[in-house]
1. Kindly establish whether ALA50 is among the hydrophobic types (A, V, I, L, M, F, W, C), at pLDDT below 95 and outside any loop (DSSP other than H, G, I, E, B).
2. Within the range 48-67, how many residues turn out to be in contact with a Ser or Thr (Cβ under 9 Å, 6 or more places away or on another chain), closer than 21 Å to GLU110 by Cβ and of a type in the set (A, V, I, L, M)?
3. Scan the range 103-114 for residues that are surrounded by 15 or more Cβ atoms within 10 Å (Cβ to Cβ) and not in a helix (DSSP H, G or I) and jot them down.
4. So, of the residues in the range 67-78 that are out of contact with any Gly (no Cβ under 9 Å at 6 or more places or on another chain) and among the β-branched types (Val, Ile, Thr), which turns out to be surrounded by the most Cβ atoms within 10 Å (Cβ to Cβ)?
5. Just the residues that are surrounded by 14 or more Cβ atoms within 10 Å (Cβ to Cβ) and either closer than 16 Å to GLN98 by Cβ or at pLDDT 95 or above (or both), please, taken from the range 53-66.
6. For GLY30, which of the numbered conditions (1) at pLDDT below 85; (2) of a type outside the set (D, E, K, R); (3) within 17 Å of GLU83 (Cβ to Cβ) fails to hold?
7. Residues that are touching a Gly at 6+ places or on another chain (Cβ under 8 Å) and either surrounded by 14 or more Cβ atoms within 10 Å (Cβ to Cβ) or not in a loop (DSSP other than H, G, I, E, B) (or both): does the range 79-102 have at least one?
Amino acid sequence: MRSISDEPGVGRDGGDEEHDKGIEQESAYGDTAAFTKLFGNHPRTKILIAFLGDPKHDLNAEQIAESAGLSTSTVYKHIDHLEELGVVSKSRKVSGSQMYRLETNDPLVEHLGQLQVGLSQRMAEIV
């Protein structure tokens, strides 16, 4: 069984190797979200947070990267995995830029949204 740390481009702590080298940008939303407190700072977690923050709009890789505090290349490394899981899909192209959207009708995504709300409430109780 492969662990997150066995995947190419993923550091020992589950984060992206670029992040481990300090190349990634800071993002207040991605780094302080309740999801990252539970699941860690893995790029896929941050990408999901970017979509869950505005689930009705599609985003391109640059917008995802900015929201998640990741580099665009890191988004491209991980977005396919989220597509394979069926939680994110390609929606359209705008000026040649591929847009992605959260599959809000997928039961798993609905549960993720509920989990995010519950985690946020729990974190507010702790603080």
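1. Against the criterion (among the hydrophobic types (A, V, I, L, M, F, W, C), at pLDDT below 95 and outside any loop (DSSP other than H, G, I, E, B)), ALA50 qualifies.
2. 4
3. Once the filter is applied, which keeps residues that are surrounded by 15 or more Cβ atoms within 10 Å (Cβ to Cβ) and not in a helix (DSSP H, G or I), the range 103-114 yields GLU103, ASP106.
4. The residue in question is VAL75.
5. ASP58, LEU59, ASN60, ALA61, GLN63, ILE64, ALA65, GLU66
6. Going through (1) at pLDDT below 85; (2) of a type outside the set (D, E, K, R); (3) within 17 Å of GLU83 (Cβ to Cβ) one by one, GLY30 breaks only (3).
7. No.
Let's see how each residue does on (1) among the aliphatic types (A, V, I, L, M); (2) over 11 Å from the mean Cα position of the chain (by Cα):
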{"position": "ASN41", "(1), (2)": "no, no"}
{"position": "THR72", "(1), (2)": "no, yes"}
{"position": "VAL88", "(1), (2)": "yes, no"}
{"position": "GLN121", "(1), (2)": "no, yes"}
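The values are calculated or read from the model by the stated rules, or taken from the named source; none is laboratory data. Note that the structure is a prediction, hence the values are computed from the model and not measured. All Cβ positions, even for glycine, are placed from backbone atoms using ideal geometry, and neighbour counts span all protein chains on display.
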